[in-house]
């Protein structure tokens, strides 16, 4: 069973973010980076399936040269090999542009299953996985909490609203977006870290894949939300003032 897991490198969750002088992105010079948390759960799901059913897990990432460290982390945890699409500014691609690059990279791999996180912690589109499935013509499902391989198919558990779940049997090949909290995440062992150094990482570029590297999105300005204060007094009897307050909270502030 060949499983491709798409992983993304994002700024560390406890990193202090500052807007760059260009006001088009964050200052990246002193940032620490880590694997996108939802993608870490997708990787864990793939490794568990590999352990139960055999085959290989292939880590796939789009990003600058530093993203190779995130791929090495996946290899240290048990992935067999990696594919790195090197792009200096992956933020210049929207969900469709990213999915096109990923689709071109896996076209010849013919995987049985592709796993992605539900969304990224930095841009949070939540669309790349399903767009990738459409480009590849694969059956797909989202918000997956459990995966079981059957004879020629898989059975998945989807998280719905209000504590409800949906169980669906799907044909292979397929693509799943994994929900955070899928399972407890593993740590890389010392032996795994040593083995990762000799595992293959195939490096690709947009030009080599025949995909345009022209940015598909233009970020004009990045800024912090402006904080403002506004005081409004409600005149009249207490009952009437309370009614006005409730209406404001319900229809303008939308907190009720």
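No lab work stands behind these numbers, since they all come straight from the coordinates. As the structure is a computational prediction, the values presented were derived from the model and not from experiment. Virtual Cβ from ideal backbone geometry, glycine too; neighbours counted across all protein chains shown.
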Q. Order of 140, 167, 230, 84 from fewest to most other C-beta atoms within 10 Å?
A. 230, 167, 140, 84
Q) Hey, fewest Cβ within 10 Å first, where do 180, 198, 61 land in order? A) 198, 180, 61
Q: Please identify, among 224, 102, 204, the residue showing maximal mean-square fluctuation in a Gaussian network model of the chain using a 10 angstrom Cα cutoff.
A: 224
Q: In whole angstrom, note down how far apart the Cα centers of the stretch 10-34 and the stretch 77-153 are.
A: 24
(Q) Out of all DSSP beta bridges in the stretch 2-209, what portion is antiparallel? Express it as a percent rounded to 5. (A) 35
Q. Does anyone have the angle between helix 95-106 and the longest principal axis of the chain? Alpha-carbon axes, 0 to 90°, nearest 10?
A. 10
Q.
If I take every Cα pair under 8 Å that is 6 or more residues apart in the stretch 2-209, average their sequence separation and divide by the length, what percent do I get for the relative contact order?
A. 26
Q) What is the calculated FRET efficiency for residue 193 to residue 88, with r their C-beta to C-beta distance and R₀ = 22 Å, to the nearest 0.05? A) 0.20
(Q) If I compute Rg and Dmax of the Cα atoms in Å from the structure I just sent, which labelled value in (1) 19.8, 75; (2) 22.0, 78; (3) 17.1, 52 lines up? (A) (2)
Q) Using only helices, what value at 222 nm comes out for the chain when you add -39,500 (n - 2.57) per DSSP H run of length 4 or more and divide by the total residues, to the nearest 500 deg cm²/dmol? A) -8500 deg cm²/dmol
Q | Most mobile of 169, 240, 200 in a GNM of the chain (Cα contacts under 10 Å) | A | 240
Q) Which order do 25, 164 fall in if you start with the one that has the fewest other Cβ atoms within 10 Å? A) 164, 25
**Q.** Virtual spin-label span in nm between residue 218 and residue 19, 7 Å along Cα→Cβ
**A.** 1.9
Q: Identify which of 241, 74, 20 has the largest mean-square fluctuation in a Gaussian network model of the chain, with springs joining Cα atoms closer than 10 Å.
A: 241
Q: Kindly state, as a whole number, the per residue volume in cubic angstrom of the convex hull around the alpha carbon atoms of the stretch 1-125.
A: 100
